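Written out below as structure tokens is the structure these notes cover.
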């Protein structure tokens, strides 16, 4: 598994895709199961995209096609959500697995600017509040 740079503002890891949108939002589209390796690579991608932004980052995470996360991957997500450069984390998806994953990560995190939504539109609305 490796990082593929499509452009300065778009990178892929396997089937996962990350885009820098709206100036300071990293939009992550998650597909399939997430391993320790994929989650570490995702944090590397997030850091590269965040370096293009002045100020704090917001995350828009699409879990509609996401699968299970390994315990190591969940620990990596928790640390990423709690990073001091993270402003808000909006997760969305109608997949039942997505709700379980989001509630688990949010439940063990100290940071409270994290929410789960059914749709991308609801997520973006909350980020822009």
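Determine if region 74-81 includes at least one residue that is farther than 16 Å from residue 117 by Cβ, modelled with pLDDT of 90 or more, out of contact with any helix residue (DSSP H, G or I) (no Cβ under 6 Å at 6 or more places or on another chain) and exposed (fewer than 15 other Cβ atoms within 10 Å of the Cβ).
Within region 74-81, the subset farther than 16 Å from residue 117 by Cβ is 74-80.
With the extra rule that they be modelled with pLDDT of 90 or more, the set shrinks to none.
No, because not a single residue in region 74-81 is farther than 16 Å from residue 117 by Cβ, modelled with pLDDT of 90 or more, out of contact with any helix residue (DSSP H, G or I) (no Cβ under 6 Å at 6 or more places or on another chain) and exposed (fewer than 15 other Cβ atoms within 10 Å of the Cβ).
Given the criteria modelled with pLDDT under 90, surrounded by fewer than 19 Cβ atoms within 10 Å (Cβ to Cβ), at negative phi and assigned to a helix (DSSP H, G or I), does residue 101 qualify? Walk me through how you get there before you give the answer.
Working: modelled with pLDDT under 90: yes; surrounded by fewer than 19 Cβ atoms within 10 Å (Cβ to Cβ): no; at negative phi: yes; assigned to a helix (DSSP H, G or I): yes.
No: the conditions fail for residue 101.
Here's a check for you: in region 47-92, which residue that is assigned to a helix (DSSP H, G or I) and touching a strand residue (DSSP E or B) at 6+ places or on another chain (Cβ under 6 Å) is farthest from residue 120 (Cα to Cα)? I'd like the intermediate steps shown before the answer.
Our first condition is that a residue be assigned to a helix (DSSP H, G or I); within region 47-92, this holds for 47-50, 71-82.
From what is left, the residues that are touching a strand residue (DSSP E or B) at 6+ places or on another chain (Cβ under 6 Å) are 49-50, 73, 81.
Values: 49: 20, 50: 21, 73: 23, 81: 18 Å.
Filtering first and then ranking leaves 73.
Considering only residues of region 104-129 that are in a helix (DSSP H, G or I) and at pLDDT 90 or above, which is surrounded by the most Cβ atoms within 10 Å (Cβ to Cβ)?
Checked region 104-129; the qualifying residue surrounded by the most Cβ atoms within 10 Å (Cβ to Cβ) is 123.
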- All-but-one check, residue 36 against (1) at pLDDT 95 or above; (2) within 22 Å of residue 93 (Cβ to Cβ); (3) surrounded by fewer than 19 Cβ atoms within 10 Å (Cβ to Cβ); (4) in contact with a helix residue (DSSP H, G or I) (Cβ under 9 Å, 6 or more places away or on another chain), failing number (1)
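The values are calculated or read from the model by the stated rules, or taken from the named source; none is laboratory data. In this text, all values refer to a predicted model and were calculated from it rather than measured experimentally. Positions of Cβ are generated from backbone atoms using ideal geometry, with glycine treated the same way; all protein chains shown enter the neighbour counts.
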